[in-house]
Amino acid sequence: MAGETEQGSRYRQIAEQIKQAIHSGSLPPDSRLPSVRTLATQYSVSMTTALKTLRTLEDEHYAVARPKSGFFVAPRPVNKTFPTLINEQAREVAPLDEQTELHLAMLGSDCRVRLDLANGDLSLYPVKKIGLLMRQMGYSKPALLGNTVKGTGYAPLKNEIARRAVDYGCNINADDILITNGCIEAISLALRATTRPGDIVAVESPCYFVLLQMLHNLNLRVIEVEAGPEGYVNVEKLTSLFQRKAVQAYLTINNINNPLGKSIPNEQKAYIARQADENDVVIIEDDIFGDTAFGERRPFPMRAFSPNAILCSGFSKTVAPGIRIGWVHSSNYMRKIASLKYTTSMGTSVLSQAAIAELLRSGGYDAHLRKLRRELKNQIQHMRQAVLRYFPPGTRVSDPEGGYVLWVEMPIGALNVRALFLKARNAGIGIAPGHIFATDHRYDHCFRLNAGFGWNAEVEQAIQQLAQWCQLSITQG
Ligand SMILES: Cc1ncc(COP(=O)(O)O)c(C=O)c1O
C-alpha cells in the first residue's frame, strides 16, 4: 500500500515537472517527450511509473500518443492547469483535479435542500407574467418568432436597459448595448473582444467559479486579489497591479459580489476606474446582482465612473433564472463584440427579449424588485442567524448587502470542504464548496450557502446538520 502511494505521488511529481517545461516553452508544442525507458532511467522509477506519467499527461491533454512513435507535446497545449499566478512571487497553480471537476459538475444537479446555487425559488420571480407576455406577444406578433434574431438585440429592450441605467449613474447609448444569452455570454464576449490568450486578468478573490473556469478556457492567466477586512477587494493591491502593468484586464463583480455579497464604495470605484484608464487596463464588470441590493439606492457600477468600462448584466437573478437574457454594453468595443456574437450564436431569442422589454416598460418591474429584495434580505437574515447560532465558535459568516448567498469561513485547517461537500450531497444537501472559488487551496475551509430557496424547517435542519459535521471535523482534528 505504501509503495502504491509512493508510486502514486512520484508519477504526479514527474508529470508536474514536464508540465512546467511545457509551460515555460522549453518543451515546445509537437516536440518529442522522453520514451518510457528514458523517463524511467532519468527519474529512477519503474517502467510502469514512467508510462503512467506519460498517460497522465495525455489524459490532461498535455501530450499526444502517436502510434509507433511515442509521446509528443500536444500541438497547442490545452492548459489544463490554471495558469501561473503572478503575485508578489510568481507561482504555478495546482491543476484542476478530477475531484474538483466532479464537484463542479455536481453543482446544480438535483438535491433536496438547494443551498448550492445563487438563485431562488420560482415563487420569487414574475414567471407567470413573463409566460403570459410570451404567449400574448408570440400570438399577436408572430414576426418575433421569425428570422429576426440576427443583430445586436431587440431595440425596445435595449432602450429600456439604457433608460434604467441612468438611475444608476450610467449614461449609455442603446446602440452600444448587445443582448446576449445570459450574463455569462456577455462576459465571455467582452473578454474575447479585449484580451488575447496568455493575457493576465485580475479578479477578486474569492472569485465566482464560473469566471475562473471561463478564464481558464480562454487561456487567460489570472491574478487573484483577496478582499480586505471590509469584504471587498484590496484596492491598494489591485491598483498597484495596474500601475506595474501586471494585468491587461480587471474582471470584477463590484456590486454585491459573488460570493462575499459586498459592493465596493463609490469613492473606491472611482479611484479604481481612474487607475485602470491611466494604465490601459480594461475593466469588465459583472453587475448581475446590482438590482438585488438591499440598500436605499442601487449601487453604481464602475461604468458610472469611466466610459471605458464594459458593463455586463442580465435578468437571471431578477426575472427568471432560466430566461437566459443578458446584455453587454461597451462604448469602445461594440463592433468586435457584435462580430463575435454573430459567429458564436448569431443572436438571442427575440420573443424572450420582447417579453422582458414589456415587463420593464409597463409590467411593474420596480415593484417586483422591491418585493424580491425584501424577501431575499429576510431569507438571508434567517440563514445568517442560524449559522451564527449553530456553527462552532470561530466560524465567520459574511454580512451581504444584497443577493442570495452567504460565505461561511471555518477556522483555517478546521475543515476539509471537499469531504463536507460530498457528505452533504449524500444527505441531499447542496452547498458550493470553497475550493472552487480559487485556483489554489486558500478556501478549503470555506463554503457558500444560498438563501434563495426560502427559510423553513427543512432548511434550518440542513444548517444544523452542516454545523454538526463542521463541529465533528474540528473535534476529530
Ligand atoms: C456573478 C454571476 N455572474 C453571472 C451569473 C450567471 O448569469 P447568467 O445566468 O445570466 O448567464 C451568475 C450566476 O450565478 C453569477 O453569480
Exercise. Is there a residue in region 196-215 that is more than 16 Å from the ligand (Cβ to nearest atom), in contact (Cβ under 8 Å) with a residue 40 or more places away in the chain and of a type in the set (S, T, N, Q)?
Worked result: no
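In the list K341, K371, which residue meets the criterion of being more than 13 Å from the ligand (Cβ to nearest atom), surrounded by 22 or more Cβ atoms within 10 Å (Cβ to Cβ), among the charged types (D, E, K, R) and part of a helix (DSSP H, G or I)? Show your work before the answer.
On the way: K371 fails: surrounded by 22 or more Cβ atoms within 10 Å (Cβ to Cβ).
Residue meeting the stated conditions: K341.
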Exercise. Any residue at all in region 262-278 that is out of contact with any Ser or Thr (no Cβ under 7 Å at 6 or more places or on another chain), part of a loop (DSSP other than H, G, I, E, B), within 16 Å of the ligand (Cβ to nearest atom) and not hydroxyl-bearing (S, T, Y)?
Worked result: yes
Problem set entry | Subset of region 217-226 [out of contact with any helix residue (DSSP H, G or I) (no Cβ under 7 Å at 6 or more places or on another chain), more than 30 Å from Q353 (Cα to Cα) and either without any contact (Cβ under 8 Å) to a residue 60 or more places away in the chain or not in a loop (DSSP other than H, G, I, E, B) (or both)] | R221, E224, E226
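When the residues of region 306-323 are narrowed to those that are among the aliphatic types (A, V, I, L, M) and part of a loop (DSSP other than H, G, I, E, B), which ends up farthest from the ligand (Cβ to nearest atom)? Lay out the reasoning, then the answer.
Here is the first cut: in region 306-323, the ones among the aliphatic types (A, V, I, L, M) are 309-311, 319-320, 323.
Those still in the list that are part of a loop (DSSP other than H, G, I, E, B) too: 309, 319-320, 323.
Details: A309: 16, V319: 10, A320: 10, I323: 8 Å.
Only one residue fits best here, namely A309.
For region 324-338, enumerate the residues that are part of a loop (DSSP other than H, G, I, E, B) and either out of contact with any helix residue (DSSP H, G or I) (no Cβ under 9 Å at 6 or more places or on another chain) or away from the ligand (no atom under 15 Å from the Cβ) (or both). Walk me through how you get there before you give the answer.
Here is the first cut: in region 324-338, the residues part of a loop (DSSP other than H, G, I, E, B) are 324-325, 330-333.
Correct list: S330, S331, N332, Y333.
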For this session: Name, by its number, the condition in (1) assigned to a loop (DSSP other than H, G, I, E, B); (2) more than 13 Å from the ligand (Cβ to nearest atom); (3) under 19 Å from H329 (Cβ atoms) that does not hold for R303.
Result: (1)
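Which ones in region 411-432 are in a loop (DSSP other than H, G, I, E, B), among the hydrophobic types (A, V, I, L, M, F, W, C) and over 18 Å from E101 (Cβ atoms)? Working first, answer last.
So in region 411-432, the residues in a loop (DSSP other than H, G, I, E, B) come out as 411-416, 427-428, 431.
Add one more test, that the residue is among the hydrophobic types (A, V, I, L, M, F, W, C), and what stays is 412, 414-415, 427, 431.
The answer is I412, A414, L415, A427.
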Exercise. Does V210 satisfy being outside any helix (DSSP H, G or I), among the aliphatic types (A, V, I, L, M) and outside the structural domain of F447 (by TED's automatic domain parsing)?
Worked result: no
Problem set entry | Total residues in region 168-195, condition under 21 Å from P299 (Cα atoms) and part of a loop (DSSP other than H, G, I, E, B) | 5
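Residue by residue, here is whether (1) within 13 Å of the ligand (Cβ to nearest atom); (2) under 22 Å from E401 (Cα atoms); (3) surrounded by 18 or more Cβ atoms within 10 Å (Cβ to Cβ) holds:
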residue	(1), (2), (3)
V235	no, yes, yes
A246	no, no, no
I253	yes, yes, yes
N258	yes, yes, yes
G290	yes, yes, yes
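Considering only region 106-121, state which residues are of a type outside the set (A, V, I, L, M, F, W, C) and either more than 10 Å from the ligand (Cβ to nearest atom) or surrounded by fewer than 20 Cβ atoms within 10 Å (Cβ to Cβ) (or both).
Let us first name the residues in region 106-121 that are of a type outside the set (A, V, I, L, M, F, W, C), namely 108-110, 112, 114, 116, 119-121.
Across region 106-121, the qualifying residues are G108, S109, D110, R112, R114, D116, G120, D121.
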For this session: Scan region 169-187 for residues that are in contact (Cβ under 8 Å) with a residue 60 or more places away in the chain and either within 16 Å of the ligand (Cβ to nearest atom) or among the small types (G, A, S) (or both) and jot them down.
Result: G169, I177, L178, I179, T180, N181, G182, C183, I184, E185, A186, I187
Problem set entry | The lone exception for P77 - which of (1) at pLDDT 80 or above; (2) under 15 Å from H216 (Cβ atoms); (3) not in a helix (DSSP H, G or I) it fails | (1)
Seminar exercise, completed: Taking region 227-282 and keeping residues of a type in the set (K, R) and touching a residue at least 12 places away in the same chain (Cβ under 8 Å) leaves K237, K245, K262, K269, R274
Problem set entry | S362 being modelled with pLDDT under 95, surrounded by fewer than 17 Cβ atoms within 10 Å (Cβ to Cβ), of a type in the set (S, T, N, Q) and within 16 Å of the ligand (Cβ to nearest atom) | no
For this session: Would you check which residues across region 314-338 are under 29 Å from Y139 (Cα atoms), of a type in the set (G, A, S) and surrounded by 18 or more Cβ atoms within 10 Å (Cβ to Cβ) and list them?
Result: G314, S316, A320, G326
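The values are calculated or read from the model by the stated rules, or taken from the named source; none is laboratory data. Bear in mind the structure is a predicted one, so any value in this text is a computation, not a measurement. Positions of Cβ are backbone-derived with ideal geometry, glycine not excepted, and every protein chain shown enters the neighbour counts.
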